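Let me begin by presenting the structure, written as structure tokens, before commenting on it.
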Amino acid sequence: MPQPNVVAGLSLDHLERIASHLDDNYIKTGKLPGAVTLVARHGQVVWTHAQGLMDVERNKPARNDTIFRIYSMTKPVTSIAMMQLYEQGRFLLDDPVHKYIPAWRNLSVYKAGSWPDFETQPATRAMTVRDLLTHMSGLTYGFLERTEVDAAYRQLKLDGSGTLTLDKLVDRLADLPLEYSPGTAWNYSVSTDVLGYLVQKLSDKPLDNYFQDHIFGPLGMTDTGFQVPKAQLDRFAACYLHQPGDTMKLQDDPQRSRYLKTPGFLSGGGGLVSTISDYHRFAQALCQGGEYQGERIIGRKTLEFMRSNHLPGNQDLPALSIGAFSETPYEGNGFGLGFSVKTDVAKSHTIGSVGEYGWGGLASTNFFVDPVEDLVVVFMTQLMPSSSYPIRQELRAMVHGALV
């Protein structure tokens, strides 16, 4: 006889613990505005729950169709787009990036000094497309605030500004040194924005149009894009910034947000907004070997390749990372072509399966796919930075605890 309150091998009673945990520990205490959580198994949405507020100032409840800033959860989308072009023979992973961006032919590596007076040395080898996909390119992010190179990124506003475009980003990066020679270390970076530029160049289409034609349209992702249309404004969440004392303050008012305007900078690294159901369609396609409801966005073998650990010698992130920031725990996790990949469950200190993959975003959104359990989890909230609370690890524990 089937067990009561069990769907697709998941206990609904145990999944309900997620809602009460978030309410008691985060929402009622004022740490989080609200959240929407989705759990799917064997291709079926088993549990989804919206709780708290999507806009505290206007007292608007979170809804299943709330639109969220997903920031770096854009990266897997861009990586899939790039690998679609790989499947068409448009490039090879070991192609030097300067084959497509000639100004990058002689990139150098930082040695000493500060911008604009850097002392540099030649890179030991050319940067490849694979280096961009694995964040082993030598590029960085300004917000990391770790080195003289990322200080230059901040001064030049390379993480995003009202005047930045993909062309300007690529042009300015040509004049800056790398943090290290490509392929020798791992560092979270604007690499995926450069991939967005390459998608445009190789497809001869603007990035937003490419995404729409080859990913969002086929998957029926009607609420995902680089901009929130006026007709969808009522569903757009406010974004908050974590404050000392575990409080929060408004960071981006949805009524005055830059997301209401057509962006000049189509950030493949962090520019998208989406809903829980839209992103589930994307994640479910990944879980099902690249296909969702009859629409294939990537080949099965290509996806297997992408979700393998591509770090040299099958090492994990602590062995190669030079920075302290990632959207995933370092230990027991490697990196594939656009996702983190769990390589050692015990070492990772978080429950799951070897081969689990996914990524998160700056405002604490997160998704993961566990191919062993045929499980997809998507979590959406709006609190920056994502390192404020250990919600992602707690969520994994509760979801896996619901498996029967």
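The values are calculated or read from the model by the stated rules, or taken from the named source; none is laboratory data. As the structure is a prediction and not an experimental result, all values here were calculated from the model. Cβ: placed from backbone, ideal geometry, glycine included. Neighbour counts: every protein chain shown. Ligands, DNA and RNA are excluded from the accessible area calculation, which covers all protein heavy atoms including side chains. Shrake-Rupley method; radii C 1.70, N 1.55, O 1.52, S 1.80 Å.
Filtering the range 278-289 to residues that are outside any loop (DSSP other than H, G, I, E, B), open to solvent by 10 Å² or more (accessible area, probe 1.4 Å) and touching a helix residue (DSSP H, G or I) at 6+ places or on another chain (Cβ under 8 Å) leaves only Arg281. Filtering Thr262, Thr275 for residues that are hydroxyl-bearing (Ser, Thr, Tyr), closer than 30 Å to Thr165 by Cα and either in contact with a strand residue (DSSP E or B) (Cβ under 8 Å, 6 or more places away or on another chain) or crowded, with 23+ Cβ neighbours inside 10 Å (or both) leaves a single hit, Thr275. Is it the case that the range 2-19 has a residue that's crowded, with 16+ Cβ neighbours inside 10 Å and either more than 23 Å from Leu375 (Cβ to Cβ) or charged (D, E, K, R) (or both)? No, the range 2-19 contains no residue that is crowded, with 16+ Cβ neighbours inside 10 Å and either more than 23 Å from Leu375 (Cβ to Cβ) or charged (D, E, K, R) (or both). For Leu233, the conditions (1) in contact with a helix residue (DSSP H, G or I) (Cβ under 8 Å, 6 or more places away or on another chain); (2) surrounded by 14 or more Cβ atoms within 10 Å (Cβ to Cβ); (3) assigned to a loop (DSSP other than H, G, I, E, B) all hold with the exception of (3). Scoring Lys157 on the criteria (1) under 20 Å from Lys111 (Cβ atoms); (2) basic (Lys, Arg); (3) in contact with a helix residue (DSSP H, G or I) (Cβ under 8 Å, 6 or more places away or on another chain) leaves a single failure, condition (1). Residues that are assigned to a helix (DSSP H, G or I) and free of Cβ contacts under 8 Å to residues at least 24 places away in the same chain within the range 84-109 comprise Lys99, Pro102, listed in sequence order. Quick one: which of Ser364, Ser387 is touching a helix residue (DSSP H, G or I) at 6+ places or on another chain (Cβ under 7 Å) and of a type in the set (Ser, Thr, Tyr)? Just a single option satisfies the conditions, and that option is Ser364.
Residues checked against (1) assigned to a loop (DSSP other than H, G, I, E, B); (2) among the aliphatic types (A, V, I, L, M); (3) surrounded by fewer than 18 Cβ atoms within 10 Å (Cβ to Cβ):
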| residue | (1), (2), (3) |
| --- | --- |
| Asp24 | no, no, yes |
| Thr29 | yes, no, yes |
| Ala35 | no, yes, no |
| Leu38 | no, yes, no |
| Gln51 | no, no, no |
| Val77 | no, yes, no |
| Met82 | no, yes, no |
| Lys111 | no, no, yes |
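Just to be sure I understand, how many residues within the range 238-259 are in contact with an Asp or Glu (Cβ under 6 Å, 6 or more places away or on another chain) and not in a loop (DSSP other than H, G, I, E, B)? Let's see the steps before the verdict.
Just the residues of the range 238-259 that are in contact with an Asp or Glu (Cβ under 6 Å, 6 or more places away or on another chain), to begin with: 238-239.
After this cut, where a residue has to be not in a loop (DSSP other than H, G, I, E, B) as well, the list is 239.
Of the residues in the range 238-259, 1 are in contact with an Asp or Glu (Cβ under 6 Å, 6 or more places away or on another chain) and not in a loop (DSSP other than H, G, I, E, B).
Among the residues making up the range 74-102, those that are among the hydrophobic types (A, V, I, L, M, F, W, C) and in contact with a helix residue (DSSP H, G or I) (Cβ under 7 Å, 6 or more places away or on another chain) are Val77, Ile80, Ala81, Met82, Met83, Leu85, Phe91, Leu93, Val97, Ile101. Annotation note: Cβ proximity below 7 Å between a residue of the range 194-222 that is touching a residue at least 60 places away in the same chain (Cβ under 8 Å) and within 19 Å of Leu286 (Cβ to Cβ) and a residue that is among the acidic types (Asp, Glu) and open to solvent by 30 Å² or more (accessible area, probe 1.4 Å) (sequence gap 6+ or interchain) occurs for Pro218/Glu295; Leu219/Glu295. The range 120-195 holds helices (runs of 4 or more DSSP H) entirely within its bounds, and those carrying 2 or more residues that are among the charged types (D, E, K, R) and open to solvent by 30 Å² or more (accessible area, probe 1.4 Å) map to 148-155, 166-173.
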